[in-house]
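The values are calculated or read from the model by the stated rules, or taken from the named source; none is laboratory data. Everything numeric here is computed off the predicted structure, so don't read it as measured data. Positions of Cβ are generated from backbone atoms using ideal geometry, with glycine treated the same way; all protein chains shown enter the neighbour counts. Keep in mind that these areas ignore ligands, DNA and RNA; they rest on the heavy atoms of the full protein, side chains included. Shrake-Rupley method; radii C 1.70, N 1.55, O 1.52, S 1.80 Å.
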Amino acid sequence: MSEPIRVCVTGAAGQIAYSLLYMIANGDVFGREQKVILTLLDIEPMMGVLEGVVMELSDCAFTLLTQVIPTADPAVAFKDVSVAFLVGAMPRRQGMERKDLLSANVKIFKVQGEALNTYAKKDVKVLVVGNPANTNALICSHYAPTIPKENFTAMTRLDQNRARAQIAQRVGTDISNVQNIIIWGNHSATQFPDVANGTANGKAITDLVDTSYLQSEFIETVQKRGAAVIAARKMSSAMSAAKAAADHVRDWWLGTTGTFVSMGVLSDGSYNIPKDIVFSFPVEIQNKQWKIVQGLNIDEFARGKLDITTKELLEEKEEAMAICNA
Ligand code: NAX
């Protein structure tokens, strides 16, 4: 059994954290041999609720959970952390413009970037879940200049998992037989779920499923899945978002084997995506380092989709920077 690592979850009194904390403490993310100290950050008014979460974590009697530290102070939450799940963000309220949401959340991620820069370990791995996740990750990294830029990632794994499940159902096979579906771009309705390199039961998905479905209904179903869950549940995706966050960080920590996964990472210009936006690419991971999968074919249809999501990310970046510099 190795020394415990410090892991921070923000938005710890919220819905996603409620499922995510269980998975981390149970060994589903860092393995069954890795002890963890959990630091739980939320805002001051939520400290009472957070106390209840701490009680439940205690009552689960997790053998890998060494200590739990609830706090409203980022300096305490980020102190010496090896991994940070940045889940906490301002939810979109009725009547709120997209711009207002961006403004509120960009400010949160600026503060948290600065705090990570000061208090976290220099090799901290950061996953941003809170929306707009890609742009929040960019801002967070911008304000944490002493931490390598590749250590900031945004979550598109939920979109990948949704896409994989849709194809498994369509083909009539188990999820485990479906591989290498890619989410390109922003975690938003402009994302491009792409099966061009994907396989089901070892065969090309494009040979098994008709193109008209793949180029329309499939893409829209994945893009709008979050809204469909809200319409049915009256609350946003939480269990599936937590599972995706756990999948993302587990693969980052323990590596991938022979298949690729999608992560929002800082673009290096691969696939002609402009540099310096956080864009979801297919990646492979070894020794806790991700690498963008190279050499995949991008046809005219795909290029059109990549252009749309790129444009949105460039606009978000410009708005976010203006807010930060105001
Ligand atoms: P909840 O509203 O249940 O929880 C959010 C928690 O964050 C609250 O407890 C709130 O007090 C806390 N919080 C707010 N500001 C904070 C701050 N400055 N520091 C620390 N904590 C703070 O939302 P939940 O359903 O858990 O969703 C959290 C975020 O995930 C939202 O931004 C949501 O849009 C985003 N999502 C992102 C997904 C992705 O795939 N990237 C999918 C799921 C989810 O929609």
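See the values below:
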quantity: Whole-Å semi-axes of the ellipsoid equivalent to region 121-221 (Cα gyration tensor, √5λ, descending); calculated: 32, 14, 10
quantity: Solvent-accessible area of Trp253 with every protein chain in place, 1.4 Å probe, in Å² to the nearest 10; calculated: 50 Å²
quantity: Global size of the chain as Cα Rg and Dmax, reported in angstrom; calculated: 19.1, 55
quantity: Interchain or long-range residues, amide H under 5 Å from Ala84's placed H; calculated: Cys8, Lys125, Val126, Leu127
quantity: Counting DSSP beta bridges with both ends in the chain, the antiparallel % (nearest 5); calculated: 45 percent
quantity: Lys, Arg +1 and Asp, Glu -1 on Cβ, resulting dipole of region 178-238 about Cα centre, debye, nearest 20; calculated: 380 debye
quantity: Per-peptide average of other Cβ atoms within 10 Å, ordering 300-306, 240-246 highest first; calculated: 240-246, 300-306
quantity: Helix-only [θ]222 nm of the chain, DSSP H runs n ≥ 4, -39500 (n - 2.57) each, per residue, nearest 500; calculated: -13000 deg cm²/dmol
quantity: Percent carbon-and-sulfur accessible area, region 1-132, ignoring ligands, DNA and RNA, probe 1.4 Å; calculated: 53 percent
quantity: Sulfur and carbon atoms: percent of accessible area, region 192-326 [1.4 Å]; calculated: 51 percent
quantity: Surface per residue (accessible, 1.4 Å probe) for the chain, Å²; calculated: 45 Å²
quantity: Relative contact order of region 214-326, defined on C-alpha pairs under 8 angstrom at six or more residues apart (%); calculated: 17 percent
quantity: Nearest-10 value in Å² for the accessible area of Leu65, using the 1.4 Å probe; calculated: 30 Å²
quantity: Per-selection metrics, region 1-140 (Cα): Rg and Dmax in Å; calculated: 14.8, 51
quantity: Which of Arg98, Arg157 is most accessible, then next, and so on - probe 1.4 Å; calculated: Arg98, Arg157
quantity: Estimated vicinal HN-Hα couplings, Hz - region 277-294 in sequence order (Karplus 6.51, -1.76, 1.60; Gly, Pro = x); calculated: 10, 8, 10, 7, 10, x, 10, 10, 10, 9, 6, 6, 10, 8, 9, 5, 5, 9
quantity: At 1.306 mPa s and 10 °C, Stokes diffusion of region 164-306 via Kirkwood alpha-carbon radius, µm² per second; calculated: 99 µm²/s
quantity: Largest to smallest accessible area among His142, His248 [probe 1.4 Å]; calculated: His142, His248
quantity: Radius of gyration and maximum dimension Dmax of region 73-191, Cα, Å; calculated: 16.6, 50
quantity: Sequence of Ile167, Ile108, Ile230, Ile43 from largest to smallest accessible area, 1.4 Å probe; calculated: Ile43, Ile230, Ile108, Ile167
quantity: D_trans [Stokes-Einstein, Kirkwood Rh over alpha-carbon pairs] for region 6-63, 10 °C, 1.306 mPa s, µm² s⁻¹; calculated: 137 µm²/s
quantity: Spin-label pair Thr259/Thr66, simplified geometry with 7 Å Cα→Cβ offset, distance in nm; calculated: 3.3 nm
quantity: Relative contact order [Cα under 8 Å, 6+ residues apart], the chain, whole percent; calculated: 17 percent
quantity: Kirkwood-Stokes translational diffusion coefficient of region 280-326, alpha-carbon pairs, 25 °C, 0.890 mPa s, µm²/s; calculated: 186 µm²/s
quantity: Convex hull of region 216-296 built on C-alpha atoms - directionally averaged projected area, nm²; calculated: 6.9 nm²
quantity: Potential lengthening between Asp207 and Thr221 on full extension [0.36 nm per residue; Cα-Cα distance subtracted]; calculated: 3.0 nm
quantity: Inter-label distance, nm, simple model (7 Å from Cα along the C-beta direction), Arg93/Ile43; calculated: 0.8 nm
quantity: Listed residues Leu214, Gly226, Gly202: farthest to the positive end of the dipole of region 186-232 (Cβ charges); calculated: Gly226
quantity: Gain on full stretching of the segment that runs from Glu33 to Gln286 - 0.36 nm per residue minus C-alpha separation; calculated: 89.2 nm
quantity: Dipole axis of the chain (+1 Lys, Arg; -1 Asp, Glu on Cβ), positive-most option in Pro274, Tyr18, Ser82; calculated: Tyr18
quantity: Set of lysines near Lys79 by C-alpha distance (under 16 Å), chain-local residues within fewer than 8 positions excluded; calculated: Lys121, Lys122, Lys125
quantity: Stretch gain in nm, segment Ala75-Ala189, where the contour uses 0.36 nm per residue and the Cα spacing is subtracted; calculated: 37.6 nm
